[in-house]
Amino acid sequence: MDDEILEQLRERYAAGNLIVFAGAGVSAAAGMPTWKQLAEKLRDRARRRSADPAVVDEIQQYIASNQLINALSAAKLALGPQDFNWTVDKELDDTGRDVPEVAQAIAALKPKLKAVLTTNIDRFLERAFQGEWRVVDRPAADIAMDRRFILKLHGTLRAWDTWVFSRDQYDRAIFGSPLLQDAFGALYRTHSILFVGFGLADDNIDQTLARVRALAGGQPPMHFALLPKGVPPFRRRLLEESGIRLIVYENQAGDHAEVAQMLLGLEPTAAPPPPPPPRVAMPAPNPASSARPTAAPPAHARPTAAPPANALPAAARPVRVFFSYASRDEELLARLEAHLSPLKREGLIAPWHSGKIGAGEDLERAISDQLEAADLVLLLVSASFLASEQGDAQVTRAMERRAAGQAAVVPVLLRPCDWETTRFAELQAVPRDKKPVTKWSDEDEALLQVVREIRAVVTKLRASLR
């Protein structure tokens, strides 16, 4: 093991800059099938159901060449969606299985860990975190802004409509949106990722590493992978070109027990959480939901000093709000600012716009400084705003900061215009029905709706401020 690389990993964890990417090996530690074993079970079921022998042979060829995404896709075609989903659900059901030690070790890192990504659809990680972290199976474009979540890239058990088992599904679900691609690019460029439980020999991880290289823009950040001894030279080179630093362990007993100990070593005071309560005491999952657990963790598992989930830190500073607008819309800006005055009096926001620049100040410098410092950028959208070069430059920088997880951006629709072709078109605009403020019979009612939406965003942002 390279002690220097391990120390670099500790530093990134201590800085709150680490994301764990959990692969099938995490679940396999509890006796669940690996992706290859799952593909083999599906192949055997297709054979028993008298599928076309040529199709069965094709599945086997994909398995033999470790093209597991193609193998699963071919099996789904052979069995049909219903039979395929039922078989996968049955094989990957973790009911009655103990949470593996490695999943508990990942959960023990929650004090400083940014997030967890996983391709596993079982619920071991949710159980290890005991409902304390939000579970996401349909990521929003602002995912890079968040912390303390488990992102299930391939969906979650029981919720069949969230599953991703083919290459085109993966591209559509995760990278089909330019905003989502920007968000994932920000995660890969600005955070270190620790790969845990990957054999790094199948096309699933190869696809992920290709994304890492592409999103890094030729300058891959430092990522890490925990691997057993014996990585072949070409595989090592591929990993290093993707910015992956290898932390190799002996695996003398063949059970990868060292992995959990290495993870626990990142947080000196960490210990695996106590086992979750018996599954019979937990509410049944709702397939139509986003699979976020609703049961509270047991009292012994909750930190006694932690505030309620919806409480704001007592010392949190106001959210810095930057208004980006066109001069023609100054009257509407003033009315919006008046509606926001209760938030200002409550100490929730510190609003700023270029109208506050004093005589003799450097106009461009003041705008640039305030935009860089902003936690929330409000785009006051109108035809005049879209035609403004200065507005365009502010939008560009605001979206860059948003993609990097540094600021939130909310379009406020003031007047009718062709805004749905812009780079911020995929953002949730307000008012939510996309009806501009000036088209309402009562403009104050429209502005009230806008302020209520902004208050919700401010509450979420303020809870994360230090």
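The values are calculated or read from the model by the stated rules, or taken from the named source; none is laboratory data. Keep in mind that what you see is a predicted model, and the values were worked out from it rather than measured. No Cβ is skipped: glycine too gets one built from the backbone with ideal geometry, and neighbour counts run over all protein chains shown. These area figures cover heavy atoms from the full protein model, side chains too; ligands, DNA and RNA do not enter into them. Shrake-Rupley method; radii C 1.70, N 1.55, O 1.52, S 1.80 Å.
Note on segment 318-345: among residues that are under 31 Å from the mean Cα position of the chain (by Cα) and assigned to a loop (DSSP other than H, G, I, E, B), the one that is farthest from residue 398 (Cα to Cα) is 340. Among the residues of segment 107-128, those that are of a type in the set (A, V, I, L, M, F, W, C) and in a helix (DSSP H, G or I) comprise 107, 124, 125, 128. Looking across segment 113-133, not a single residue is basic (Lys, Arg) and modelled with pLDDT under 90. Among the residues of segment 377-390, just one is surrounded by fewer than 20 Cβ atoms within 10 Å (Cβ to Cβ) and either among the β-branched types (Val, Ile, Thr) or closer than 13 Å to residue 323 by Cα (or both), namely 390. Does any residue of segment 14-37 turn out to be in a helix (DSSP H, G or I), at pLDDT 90 or above and farther than 30 Å from residue 190 by Cβ? Yes, some residue in segment 14-37 is in a helix (DSSP H, G or I), at pLDDT 90 or above and farther than 30 Å from residue 190 by Cβ. When residue 384 is tested against (1) assigned to a helix (DSSP H, G or I); (2) touching a residue at least 40 places away in the same chain (Cβ under 8 Å); (3) under 30 Å from residue 185 (Cα atoms), exactly one condition is not met: (3). Could you check segment 76-96 and list, in sequence order, the residues that are open to solvent by 60 Å² or more (accessible area, probe 1.4 Å) and not in a helix (DSSP H, G or I)? Those that are open to solvent by 60 Å² or more (accessible area, probe 1.4 Å) and not in a helix (DSSP H, G or I): 95, 96.
Got at least one residue in segment 64-75 being buried (at least 19 other Cβ atoms within 10 Å of the Cβ), modelled with pLDDT under 90 and more than 30 Å from residue 185 (Cα to Cα)? Scanning segment 64-75, I find no residue that is buried (at least 19 other Cβ atoms within 10 Å of the Cβ), modelled with pLDDT under 90 and more than 30 Å from residue 185 (Cα to Cα), so the answer is no.
Checked against (1) open to solvent by 50 Å² or more (accessible area, probe 1.4 Å); (2) touching a residue at least 24 places away in the same chain (Cβ under 8 Å); (3) basic (Lys, Arg), residue 47 meets all criteria but (2). Only residues that are touching a Leu at 6+ places or on another chain (Cβ under 7 Å), open to solvent by less than 20 Å² (accessible area, probe 1.4 Å) and not acidic (Asp, Glu) were counted in segment 103-138, giving 14. For segment 423-448, a residue qualifies if it is open to solvent by 70 Å² or more (accessible area, probe 1.4 Å) and over 20 Å from the mean Cα position of the chain (by Cα), and the qualifying residues are 423, 432, 433, 434, 435, 439, 441, 442, 444, 445.
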